[in-house]
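Quick notes on the structure that follows.
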Amino acid sequence: MSLHYARLRFGEKTHFTCLRCGQCCTRGPNVGLTAYDVHRIARYLGVDWRELKGKYVVAVIADMVAVPTLRGTIDGKCVFLEYLDGTPSCRIYPARPMRCRLYPFMPYSPGNTETIYLDTCCPGLNTEKEAEPPWKCLKEYYVEAKRHYAKLYHLVFQEGCEPLEALEKTIEDCAGEAQQTPTVKTFKTRQL
Ligand code: SF4
Ligand code: SF4
């Protein structure tokens, strides 16, 4: 566990304003996704989710479970980060993954929805504006993450699927439910 994480409990506030510096999009290709994130990104880009494979989404296999993540460029930037007139901008901002929506806050435990981590490396902390952690978004994330991992673990440990096969089946299985998640039109369209 990094020493850079602080813990906040429900009711506690911090000081945070996103400076749109793009730092959180340049520190390695490790934004974890759920099947729902994958479908939202595909829908936003107007492609079948399989077209994201390899190009935008890769899988990291750890302990027999394949975790989908955003691909990074060779210098560690997110594949969706672009610079418009020198300003960092997210190409899929309206459909960006839940983990990106939450940052600099990070999930603590699905069994404890009233505690959240805060990555103290974010330069937007300790600015003037007082901010509450995104509790609603955190709960939505947990709902999706629990469904994703319940399917995935079942396929690997009960059905005997190999990790990548289990991940692809999980993403396929979530396609119908993903239609029920907010449409990209309801997402905020502010750029990074
Ligand atoms: S969340 Fe923090 S690191 Fe990311 S763009 Fe905003 S200020 Fe920069
Ligand atoms: S998806 Fe967008 S917000 Fe998330 S890391 Fe990539 S560029 Fe940044």
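The values are calculated or read from the model by the stated rules, or taken from the named source; none is laboratory data. Keep in mind that this is a model prediction, so the values were computed, not measured. FYI the Cβ positions are ideal-geometry reconstructions off the backbone, even for glycines, and counts take in every protein chain you see.
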query = Which members of segment 107-129 meet the condition of being under 19 Å from Arg20 (Cβ atoms) and assigned to a strand (DSSP E or B)?
reply = Leu118, Asp119, Leu125, Asn126, Thr127, Glu128, Lys129
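What residue, of Gly54, Gly86, Gly11, Gly22, is over 13 Å from the mean Cα position of the chain (by Cα) and within 11 Å of ligand 2 (Cβ to nearest atom)? Let's see the steps before the verdict.
Values: Gly54 fails: within 11 Å of ligand 2 (Cβ to nearest atom); Gly86 fails: within 11 Å of ligand 2 (Cβ to nearest atom); Gly11 fails: within 11 Å of ligand 2 (Cβ to nearest atom).
Being over 13 Å from the mean Cα position of the chain (by Cα) and within 11 Å of ligand 2 (Cβ to nearest atom) holds for just one of Gly54, Gly86, Gly11, Gly22, which is Gly22.
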remark   = Expected single match for in contact with a Cys (Cβ under 8 Å, 6 or more places away or on another chain), part of a helix (DSSP H, G or I), at negative phi and of a type in the set (A, V, I, L, M, F, W, C) among Leu164, Leu155 is Leu155
query = Only one of (1) without any contact (Cβ under 8 Å) to a residue 60 or more places away in the chain; (2) away from ligand 1 (no atom under 16 Å from the Cβ); (3) touching a strand residue (DSSP E or B) at 6+ places or on another chain (Cβ under 8 Å) is not met by Gly72, so which one is it?
reply = (2)
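So that you can scan it fast, the table gives a plain yes or no per residue for (1) at pLDDT below 95; (2) at negative phi; (3) of a type in the set (Gly, Ala, Ser); (4) not in a helix (DSSP H, G or I):
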position	(1), (2), (3), (4)
His39	no, yes, no, no
Val47	no, yes, no, yes
Val58	no, yes, no, yes
Ser89	no, yes, yes, yes
Arg99	no, yes, no, no
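So how many residues does segment 90-129 have that are more than 22 Å from Gly54 (Cα to Cα), of a type in the set (Gly, Ala, Ser) and in contact (Cβ under 8 Å) with a residue 24 or more places away in the chain? Quick ask: steps written out before the conclusion?
Here is the first cut: in segment 90-129, the residues more than 22 Å from Gly54 (Cα to Cα) are 101-129.
Checking which are of a type in the set (Gly, Ala, Ser) leaves us with 109, 111, 124.
Filter again for in contact (Cβ under 8 Å) with a residue 24 or more places away in the chain, leaving 124.
Final tally of qualifying residues: 1.
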